1. Every residue in region C:395-430 that is touching a residue at least 12 places away in the same chain (Cβ under 8 Å) and part of a loop (DSSP other than H, G, I, E, B), please.
2. Kindly check whether there is at least one residue in region C:62-75 that is within 13 Å of chain A (Cβ to nearest Cβ), touching a residue at least 24 places away in the same chain (Cβ under 8 Å) and either in a helix (DSSP H, G or I) or among the basic types (Lys, Arg) (or both).
3. Would you confirm whether or not region C:99-116 contains a residue that is under 24 Å from B:Phe65 (Cβ atoms), surrounded by fewer than 22 Cβ atoms within 10 Å (Cβ to Cβ) and among the small types (Gly, Ala, Ser)?
4. Test C:Phe10 against the criterion of being farther than 23 Å from C:Met94 by Cα and either within 14 Å of another protein chain (Cβ to nearest Cβ) or out of contact with any Ser or Thr (no Cβ under 9 Å at 6 or more places or on another chain) (or both), and give yes or no.
5. Could you list, in sequence order, all residues of region C:231-259 that are more than 11 Å from C:Ile216 (Cβ to Cβ) and aromatic (Phe, Trp, Tyr)?
6. Taking into account only those residues within region C:152-185 that are without any contact (Cβ under 8 Å) to a residue 12 or more places away in the chain and over 17 Å from B:Asn40 (Cβ atoms), which is farthest from the other protein chains (Cβ to nearest Cβ)?
7. Kindly provide the set of residues from region B:8-28 that are modelled with pLDDT under 90 and surrounded by 14 or more Cβ atoms within 10 Å (Cβ to Cβ), ordered by number.
Amino acid sequence: MTGFYIVFLFLVLGMLIVAVTLLLSRLLQPRKREKDKFIPYECGIVPEGEAWIQFNNRFYVIALIFIIFDVEVLFLFPWAVVFDTMGMVAFVEMMIFIAILLVGLAYVWAKGDLNWVKPKPRLAHLAKKKGE
Amino acid sequence: MIQLESYLIISAIVFVLGIFTILYKKNAVGILMGVELILNSVNLNFIAFARYIDTYINGQLVAIFIIILAASEAAVALAIILNMYRDRRSVDVTKMDEMKN
Amino acid sequence: MNNLNSLQYFLPELFLSASILIIIIVDLLLKKDKKIITAYLSVLAVLVAFFLAYRQYNYAFTSLFEGMIVLDSFAVYFKVLTALSTIIVIFISMPAFRRHSEYYILLLVVTLGMFLMVEVNDLLMIIIAMEMVGIISYVLAGFNKFNMKSNEASLKYVLYGAASTGVMAFGFSYIYGLTGHTNLFAIQQAIVGHSLQPLPVFIAFVMVVAGLGYKIAMVPFHFWVPDVYEGAPTPITAFLSVGPKAAGIALFIRFLITVVAHPASQTTFIQNVQIQAPLLLAVLAVVTMTLGNVSALGQKNIKRMLGYSAIAHVGYMMMALVVFNTRGFTAIMFYMVVYMFMNFGAFWVVQSMTPHLGSEDISAYKGLGYRHPLTAVAMAVFMLSLTGIPPFAGFIGKVYLFAAIIKQNWYTLAVIGVINGVISLYYYAYVIKVMFLDRDEEIKAISVPLYDRVLLWLLLIPVLALGVYWGPLIDLAHNSIGFFFGN
């Protein structure tokens, strides 16, 4: 605990300064209740409609794809910890793991789910052109 | 030093909150949030036990895997909810009564 | 055994994983009208995995991947069974799913998950394997994307399923906290070696039973079953009631034997945690079969009726779990095989007849005995076999189940089981009555393709054959369970 009193001091000081400034501005500011003041602030533009608007479905789909590949990275952390002691075996194992993920990515790509406007599945399209 | 009990109490509270969320939410996404709460309470338990009781770190490994399972489960569940929404324009589980006899 | 050496004992799973990846790539390159090739490749992959698993049968008990997985004949028995169920379900699905090749890949992934489920020996692996089966099943239940019922089924399935997995994992976390281990053997030793607080052990036990009970559709964790079974595509309904359920029961048995059983005798439950496990299981079995049968009585939709009857059959199997000895487990393992054939048979009739009859209602089967006699007779055999009427396979299965509990003097349980059998006769026989006794004025004959008829025979023959000659299978089941009790 010895070295931490400076941190504690900073913490207290920081809080104090914030509190004092807020209090000062509160005391000094002129207060007039106007209707416009209670509208939610949207970069200065008058807001239109409700906040509960519909998002495009594609956001969800792309977020879903992202989250799967994002979370898989979690496995890389324990791997990195033991990499030194395990050496080549660990390397090969992780390469296999990533290769499996790449198959998933290839699937998503070929199905056209990475594009914002979902096209016709590309491979089927090509096959049709070539074959007929 | 924080006692093991503190972690267990917190995780038990989170678990119960999760159960209540599942039971009382009408929105399918809300229920999913309850599930996430439960899984996080499980993680907290596993990590706390790994720190205080286990001589190895098995609990931490379990926690990592549960995080990943939770993510994949949420991904699948959200995809299904999305599909439901396209059909029905609603994610209210109390309105799902296509098959009541 | 360490990780690298374990790989040689892990061939079926490795082969399945590799073939899943290859089939995904091949599937992407196939043209739209050739997608059925994926189904053929999937059958081939499962067949090879089936034989690889079968070759492991005579291996001695081996503990793989630092004790994460154990390979024993019990696991191999269920691996072969689940692989067989996947093969059958692919054949059932082929006429309906000609374009949707992802369907078959997902089935392969479930198969891999079931393989893992029957050989797990670690809390972590239990969670992973169950989720692997579960998550893919959620997708499969909602595979008919534009069918409202299918959507609703999969949404209900995913929400209930996720919640029950969470509860089970919470139970596991307490077990881990109480014992300090995730390996099932180590947990057993810790439970025996120390005197633990009974209350937390009981809570953890109940939570784990809730999670596993959900998987095998045991009352009071069955509420998802009717809706999911009705809404899901028929082949998937059939699959869910056999494959994952068999894997779930295998996992349940393994968990009970390696954790709650006493290591010295292995036929009694551990005493020092004071769980009234046999009584608890007996009550659950009674409630499960009674509720399943009584709810099935008034059903109009045949898939929903079969869903409730599936709950009842879990009840029958759990009945034999109560006695907790070789005889009981053998009976369960035998019954699972019999149940697979008769249940798949019934669902195949539903699947192949629905386009002709235009409805899944039982009333639509009116006069089927005159419109297509073979199908109707086969359906009658499946129904009678499900009831447990001799000389069909279901009867032999039930005899073994009841014999196991009567040997241990569970007379009340047996009587309730028999009463349930009588109740079930009512709704099974109702289908037969509709098919043969009710008839329209004019008989519109149905022409059934050769493929449908061949598959029907392939499912019908085992039901008939196991009804008269069941010796080898019961021996196989008996040998597979043997290792648990040291012979």
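The values are calculated or read from the model by the stated rules, or taken from the named source; none is laboratory data. Please read all numbers here as calculations on a predicted model, not as lab measurements. Ideal geometry is used to build each Cβ from the backbone, glycine not excepted, and the neighbour counts take in all protein chains shown.
1. C:Gln408, C:Trp410
2. Within region C:62-75, one or more residues are within 13 Å of chain A (Cβ to nearest Cβ), touching a residue at least 24 places away in the same chain (Cβ under 8 Å) and either in a helix (DSSP H, G or I) or among the basic types (Lys, Arg) (or both).
3. No, there is no match, as no residue in region C:99-116 is under 24 Å from B:Phe65 (Cβ atoms), surrounded by fewer than 22 Cβ atoms within 10 Å (Cβ to Cβ) and among the small types (Gly, Ala, Ser).
4. Details: farther than 23 Å from C:Met94 by Cα: yes; either within 14 Å of another protein chain (Cβ to nearest Cβ) or out of contact with any Ser or Thr (no Cβ under 9 Å at 6 or more places or on another chain) (or both): yes.
Yes; evaluated as a whole, the condition is true for this residue.
5. Those that are more than 11 Å from C:Ile216 (Cβ to Cβ) and aromatic (Phe, Trp, Tyr): C:Phe239, C:Phe255.
6. Filtering region C:152-185 for residues that are without any contact (Cβ under 8 Å) to a residue 12 or more places away in the chain and over 17 Å from B:Asn40 (Cβ atoms), the one farthest from the other protein chains (Cβ to nearest Cβ) comes out as C:His181.
7. Once the filter is applied, which keeps residues that are modelled with pLDDT under 90 and surrounded by 14 or more Cβ atoms within 10 Å (Cβ to Cβ), region B:8-28 yields B:Lys25, B:Asn27, B:Ala28.
The rows are residues; the columns are (1) in a helix (DSSP H, G or I); (2) within 14 Å of chain A (Cβ to nearest Cβ); (3) out of contact with any Lys or Arg (no Cβ under 8 Å at 6 or more places or on another chain).
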residue: C:Ile24; (1), (2), (3): yes, yes, yes
residue: C:Asp27; (1), (2), (3): yes, yes, no
residue: C:Leu41; (1), (2), (3): yes, no, yes
residue: C:Ala45; (1), (2), (3): yes, no, yes
